[in-house]
1. Only one of (1) touching a residue at least 40 places away in the same chain (Cβ under 8 Å); (2) under 28 Å from residue A:265 (Cβ atoms); (3) within 14 Å of another protein chain (Cβ to nearest Cβ) is not met by residue B:157, so which one is it?
2. Of the numbered conditions (1) buried (at least 16 other Cβ atoms within 10 Å of the Cβ); (2) assigned to a helix (DSSP H, G or I); (3) out of contact with any strand residue (DSSP E or B) (no Cβ under 7 Å at 6 or more places or on another chain); (4) modelled with pLDDT of 85 or more, residue B:53 satisfies every one except a single condition; which is it?
3. I'm checking my understanding of the structure. Among residues of the stretch A:491-504 that are touching a helix residue (DSSP H, G or I) at 6+ places or on another chain (Cβ under 8 Å) and part of a helix (DSSP H, G or I), which one is surrounded by the fewest Cβ atoms within 10 Å (Cβ to Cβ)?
4. Can you spot a residue in the stretch A:440-455 that is under 24 Å from residue A:394 (Cβ atoms), surrounded by fewer than 22 Cβ atoms within 10 Å (Cβ to Cβ) and under 21 Å from the mean Cα position of the chain (by Cα)?
5. Taking the condition surrounded by 19 or more Cβ atoms within 10 Å (Cβ to Cβ) and farther than 15 Å from residue A:17 by Cα, does residue A:510 pass?
6. Name the single residue that is nearest to the other protein chains (Cβ to nearest Cβ) among those in the stretch A:49-58 being free of Cβ contacts under 8 Å to residues at least 12 places away in the same chain and touching a helix residue (DSSP H, G or I) at 6+ places or on another chain (Cβ under 8 Å).
7. Taking the stretch A:549-567 as the search range and keeping residues that are part of a helix (DSSP H, G or I) and surrounded by fewer than 22 Cβ atoms within 10 Å (Cβ to Cβ), which one is farthest from the other protein chains (Cβ to nearest Cβ)?
8. Taking the stretch A:228-269, which residues are more than 14 Å from chain B (Cβ to nearest Cβ) and either more than 20 Å from residue A:127 (Cα to Cα) or in contact with a strand residue (DSSP E or B) (Cβ under 8 Å, 6 or more places away or on another chain) (or both)?
């Protein structure tokens, strides 16, 4: 018995899996358990809701209130239907956008691939409210007043509410923002696929559609499903876009209800709502596991080099490239440039040359502007915030990418066992826990030393830890999607040659997964640079970051200063991108596109 | 082989589960959610509290009943301590900190900006874990929750120096949970290029056909301070009923609602109230181009007029009452590590004894009132003359969830 267990544990996959599960238990399961337990007990706060409340005792009241009371329809069922429909629609639309783009870039001879790949990342760089704001600028009707929408003022078309607000714009803006996940995941899968498979089929006379259906589709299926779940979860948990675009037509989603409960200090109600979101996505992951689990897995990366032939687009080559670039410029570059311009404009909305200024960047204190607030580069804590942001994002992104790969390895190599499934499921929860709740729990968990963990609260380390945890859903998905394509035989060969697991990982798996690693690194880096909700509770004056600085500016209504910080963040990301391409020898365009 | 593996699996699962449970219970004992029973573990206050300061925070109750402390004494004591930590919901504290550090060299101040509800979570969790980080708290209320969950539990402590009290206006001298360094409120804004005078004098005006589809509000579901105004109308429904009679000459008829407060909310909905995300969205809607619409926003927003290209003004007198105060309260945090500096900074923000200190300037603005009788307001109306309901923390705390439920049910 002990012997068998010893053998089982000698398998590095199991050993790592167990270690990972321990780590995940502490950083994820334990917080979730605490959230679960609050929903079954009365708290002092609950005396506000009902006289029955008996603090400290067991109750089903909270679940009843959400699921089966006269409030349930407005508080839960209607919002959940909205969440689900938005989730599915966003996933579907992003899939079309992301996969289409990935196919064009990877498998065809379309020109301008590098430019297009670069442009594809930009919408994700922008805060998601920018696209929603842009939508309103163009398509709002008279209902919400203010400056009329461009459609209305130019073409005198008053759009119906259903186009201007609610479901349609929420789905469209979120899809544009998040489809980069599909693009990168599916692109990586497509690029490591050997085109000989397609050629072989084509030689035997299979029509193109059949090739697509029987060969390409099954091969990228795991990546598509991963992308689907990721986007779905992101969509149902996001708050900013639905709050802005949904409010005018009272379109509530679970995420907006949850935010409201939280701000109104009905914490338990918020917990119940976020648990329902977690249940839904665990269900989706379970179905996904069933789908993938039943299929044979397809190994496309073997030791052999693979030739790539690109699908010729023929006379469509240039039109397709032009349409793609134009569309992407409109959704990515234009908003970016407008923001950049605004950061140089003394007064908003005044487009004359004399209105241009460096004040918000480098200006000193001028009582006439922003009540004397200095330019960003002169802000005394700017340097500290910049250093902290870079440090957090850099360290967290590297660690998160590697951890994601290792966990992805466990997930794929023990796909059929409980271990792989457990890691897969658990690593997915952080997207659905509201950042604030997770952070609040982390304060109690890390404020004093526990076991061998020192008191991390107030240190940058804790900010890094929580960033890594929050990004696990993405990094693990990316890691396992990319691992799934790598055959065991490479590892087995090395094992026979006497290489230790660590050597195998370092010499075989890391290099082969380089593309996926770099894209994971980059996306985590971007999210970490933009992250706010998650860290705002954990930040202390010494650990201030660029985003917490924008929080201060935004509250005071200093819009240009906020834009300056945003521009700095974007510039940093672009520099990091270029560095990753140059020195990481893992050009995303090349990685995805092939030469 | 298969079945053996299975046994193995379940055994391992058991072990895992046991380990996990042990791990969890191990931590479970150290951190409880609710009470303020903060066992002072000697080992815990390591990160921020220099040992030297422990002496000064032994008397945390003294903050509530200030003895006559002179500025000089406080300054001398404060210089010995480390950095003063301020948690603030408003950036105004940053501005005050800058002048403070010039006035009192040798004391450094760091301000963390946190939303009021998040601050409650942060401070509660910190204190329960034995970490006493902040010294000064500047916060808005969250429907009475600050009072019920923080002040009553002794986490935030009121501090009003005795020699200041005589010039402080009620309710902030004795009735309110603490002294408020500035007071704002939610009220109706109108566009001054459309209307030469306030188009609304009674809250019930908003339910008339003249304003059908022309009233905006920031979403009270995501900004509890807006809900507080509606909740206060429910609490003071008699006032609302009287105002109805004054406006229409007849007694109010309830259409399936409990009282005149709820009826007002319902009639607002029926009249096509439009909910936008935030205060700025509301003012953009009515203030950018000439507009007949009116909207609910924060009085202090009037100071952003020029910057945002708005032509808006708040209405300062509405029947039965204009609004309920949204106060920026000043507290000393429980077991503040730098109590002397904290007191000194609060005095500075209050404008010192004579009410002329530069620390008050960020608070004495258009649309925000300093409740001191000796301070001249920048607004047309003095604080004492504002026609406001009392902010009743306890009632609000217990009524707000019902009003929120009513809102969710009728407007989604």
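The values are calculated or read from the model by the stated rules, or taken from the named source; none is laboratory data. Source: prediction; values computed, not measured. Here the Cβ is made from the backbone with ideal geometry for all residues, glycine too, and neighbour counts use every protein chain on show.
1. Going through (1) touching a residue at least 40 places away in the same chain (Cβ under 8 Å); (2) under 28 Å from residue A:265 (Cβ atoms); (3) within 14 Å of another protein chain (Cβ to nearest Cβ) one by one, residue B:157 breaks only (3).
2. It is condition (4) that residue B:53 fails.
3. A:503
4. Checked against the condition, which is being under 24 Å from residue A:394 (Cβ atoms), surrounded by fewer than 22 Cβ atoms within 10 Å (Cβ to Cβ) and under 21 Å from the mean Cα position of the chain (by Cα), the stretch A:440-455 yields no hits at all.
5. Against the criterion (surrounded by 19 or more Cβ atoms within 10 Å (Cβ to Cβ) and farther than 15 Å from residue A:17 by Cα), residue A:510 does not qualify.
6. Among residues in the stretch A:49-58 that are free of Cβ contacts under 8 Å to residues at least 12 places away in the same chain and touching a helix residue (DSSP H, G or I) at 6+ places or on another chain (Cβ under 8 Å), the one nearest to the other protein chains (Cβ to nearest Cβ) is A:50.
7. A:567
8. Correct list: A:228, A:229.
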